[in-house]
Amino acid sequence: MKAAGPLVLHYHGLGEVPRRLDPFELMLPAATFRSHVELLKKRGYRFVAQQELARILGAGQPAEATCSITFDDGTADNATVLPPLLEALEVPATIFACPGLLGKPYPFTDPEAKIRLMDRDELIETAAHPLIEIGSHTREHTILEHASAEEALSEMSASRAGLESLLGCPVLSFAYPNCVYSAACPGAAERAGYTSAVTCGRRGGLDPYELRRQSPSPKDGRLRFELKSRGVFHDVWERSPIRLARAVTRPLRGRR
Ligand SMILES: [Zn+2]
């Protein structure tokens, strides 16, 4: 088994939502999140906020068994459910918010789920929590997959400035919406003043401006989370005989 970490975990909302209202599988029960952190604690992980992980990587310090927990989009549960959980677990987390979408309905779950993004006051209060760092996720969840250097810099600078003037503290971490980014984005993130920018899936790696995250999903059992937390999910799971067999038999089993 290869050396553990650093590990950057990628979550969205905490809550139990029927699968049909959460087509992108973004909502995770709080108890599941808790079990992930407890498992990693047992494995000896230390937990740091994203800006601290960026500092460690930038300084060339050892980052084995170091975990940064991140949440994208800033759903309202991140202001209510998350802070007491972090206190109980004694771990920090970083929330990537869009200053242009505060208080709006969450666009990635069904309206029937009635999930919304944190409003202005909730974000200010959450940012003041000692275990929480706020990072930027563009102003309005702008997809940067085809952004020119100028477009990326403008979006990244404006969202950073918007959050900093609202929160009165430095905003140093950035998350690419949908984890996608053009070749110009990593350089633009650095020029915009961020110390790291995170992605997910098969994209990126250990570069601080293309830092890969692992994305636990509500479908994950213990095995899938184990593979993700060890950074080998895509290589192992997607080639596994079980998954291949499931892919072949899917038409017979019908679709969800
Ligand atoms: Zn997002």
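The values are calculated or read from the model by the stated rules, or taken from the named source; none is laboratory data. Every value quoted in this text rests on a predicted model; they were computed, and no experiment measured them. Don't worry about glycine lacking a Cβ; one is built from the backbone with ideal geometry, like all the others, and counts go over all protein chains shown. In case anyone asks, the SASA skips ligands and DNA or RNA and just uses the protein heavy atoms, side chains included. Shrake-Rupley method; radii C 1.70, N 1.55, O 1.52, S 1.80 Å.
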- Note on the structure: E145 vs (1) acidic (D, E); (2) more than 15 Å from the ligand (Cβ to nearest atom); (3) loosely packed, with under 15 Cβ neighbours inside 10 Å: all pass except (2)
- Filtering the stretch 72-123 down to residues that are open to solvent by 10 Å² or more (accessible area, probe 1.4 Å) and of a type in the set (G, A, S), which residue is nearest to R20 (Cα to Cα)? A113
- Query: For the subset of the stretch 178-197 comprising residues that are under 13 Å from T142 (Cβ atoms) and not aliphatic (A, V, I, L, M), which member is nearest to the ligand (Cβ to nearest atom)?
  - Reply: N178
- Which of (1) under 17 Å from the mean Cα position of the chain (by Cα); (2) within 16 Å of the ligand (Cβ to nearest atom); (3) under 23 Å from R202 (Cβ atoms) is the odd one out, the single condition P23 does not satisfy? (1)
- Message: Can you find, within the stretch 191-219, the residue that is nearest to A59 (Cα to Cα) among those that are basic (K, R) and touching a residue at least 60 places away in the same chain (Cβ under 8 Å)?
- Response: R212
- If we ask which residues in the stretch 5-25 are open to solvent by less than 20 Å² (accessible area, probe 1.4 Å) and closer than 18 Å to P92 by Cβ, their number turns out to be 6
- Query: Does S159 count as within 16 Å of the ligand (Cβ to nearest atom), under 16 Å from A54 (Cα atoms), at pLDDT 95 or above and out of contact with any Asp or Glu (no Cβ under 7 Å at 6 or more places or on another chain)?
  - Reply: no
- Message: Looking for something among the acidic types (D, E) and touching a helix residue (DSSP H, G or I) at 6+ places or on another chain (Cβ under 7 Å) - is there at least one such residue anywhere in the stretch 50-67?
- Response: no
- Item | Any chance T126 is farther than 23 Å from S68 by Cα and in contact with a helix residue (DSSP H, G or I) (Cβ under 7 Å, 6 or more places away or on another chain) | no
- Note on the structure: Considering only helices (runs of 4 or more DSSP H) wholly within the stretch 148-241, the ones with at least 1 residues that are on the phi < 0 side of the Ramachandran plot, over 16 Å from the mean Cα position of the chain (by Cα) and polar (S, T, N, Q) are 149-167
- Give me a count of the residues in the stretch 131-142 that are open to solvent by less than 20 Å² (accessible area, probe 1.4 Å), more than 12 Å from the ligand (Cβ to nearest atom) and not hydrophobic (A, V, I, L, M, F, W, C). 1
